[in-house]
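Student: My questions all concern the structure below.
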Amino acid sequence: MAHFVLEYRYADMDARAQARPAHLAYMNRLHAEGKVVLAGPIGDGSGAMVIFRAADEAEVQGLVAADPYTVQGVSADATIRPWKVVIPDHG
């Protein structure tokens, strides 16, 4: 398994408020499955970051595509980057 960082900005704050319960339920389910490590808004609250644990970037893209924030047009400018974790060292 590899780690990936997703960063995006909120495109529509009204849509965010409406989609937030479904988004949180989705993220919590992915966390319970071990696919989401950490997630939450960043900085001034204009966007968010998610750390995924997944087999590859294609899996992350699928998870992001199914997120209610993506489906309902809340997020924009999403960037997925591979992340090499060195601390703690997992060998």
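Student: Within the stretch 32-54, how many residues turn out to be buried (at least 16 other Cβ atoms within 10 Å of the Cβ), touching a Gly at 6+ places or on another chain (Cβ under 8 Å) and farther than 16 Å from ALA2 by Cβ?
Tutor: So the answer is 1.
Student: Only residues in the stretch 60-89 that are over 21 Å from ALA11 (Cβ atoms) count as the first member; pair them with residues that are assigned to a helix (DSSP H, G or I), Cβ under 8 angstrom, at least 6 apart or cross-chain, and list the lot.
Tutor: Pairs found: PRO82/GLU57.
Student: What number goes with the only condition from (1) under 13 Å from the mean Cα position of the chain (by Cα); (2) in contact (Cβ under 8 Å) with a residue 40 or more places away in the chain; (3) under 22 Å from TRP83 (Cβ atoms) that ALA2 does not pass?
Tutor: (1)
Student: Moving on to the next point. For ARG29, are the conditions met, namely being charged (D, E, K, R), out of contact with any Cys (no Cβ under 6 Å at 6 or more places or on another chain) and assigned to a strand (DSSP E or B)?
Tutor: No.
Student: Hey, among the residues in the stretch 1-27 that are farther than 14 Å from SER75 by Cα and in contact with a strand residue (DSSP E or B) (Cβ under 8 Å, 6 or more places away or on another chain), which one's surrounded by the fewest Cβ atoms within 10 Å (Cβ to Cβ)?
Tutor: The qualifying residue surrounded by the fewest Cβ atoms within 10 Å (Cβ to Cβ) is MET1.
Student: Taking the criterion of being part of a helix (DSSP H, G or I) and either at pLDDT 95 or above or basic (Lys, Arg) (or both), would at least one residue in the stretch 33-54 satisfy it?
Tutor: no
Student: If I ask for residues that are touching a strand residue (DSSP E or B) at 6+ places or on another chain (Cβ under 7 Å), buried (at least 16 other Cβ atoms within 10 Å of the Cβ) and assigned to a loop (DSSP other than H, G, I, E, B), which ones from the stretch 55-91 would you list?
Tutor: The one that is touching a strand residue (DSSP E or B) at 6+ places or on another chain (Cβ under 7 Å), buried (at least 16 other Cβ atoms within 10 Å of the Cβ) and assigned to a loop (DSSP other than H, G, I, E, B): VAL74.
Student: Let me ask something additional. Among the residues of the stretch 57-75, is there at least one that is over 13 Å from the mean Cα position of the chain (by Cα) and of a type in the set (D, E, K, R)?
Tutor: Looking for residues that are over 13 Å from the mean Cα position of the chain (by Cα) and of a type in the set (D, E, K, R), one finds none in the stretch 57-75, hence no.
Student: In this structure, does MET49 turn out to be closer than 21 Å to PRO88 by Cα, under 10 Å from the mean Cα position of the chain (by Cα) and aliphatic (A, V, I, L, M)?
Tutor: Criteria met by MET49.
Student: Filter the stretch 55-74 down to residues that are touching a helix residue (DSSP H, G or I) at 6+ places or on another chain (Cβ under 7 Å) and polar (S, T, N, Q) and give me whichever is nearest to VAL5 (Cα to Cα).
Tutor: Among those that are touching a helix residue (DSSP H, G or I) at 6+ places or on another chain (Cβ under 7 Å) and polar (S, T, N, Q), it is THR70.
The values are calculated or read from the model by the stated rules, or taken from the named source; none is laboratory data. Because the structure is a prediction, the values reported are computed rather than measured. Counting neighbours? That spans all protein chains shown, and the Cβs are built from the backbone with ideal geometry, glycine included.
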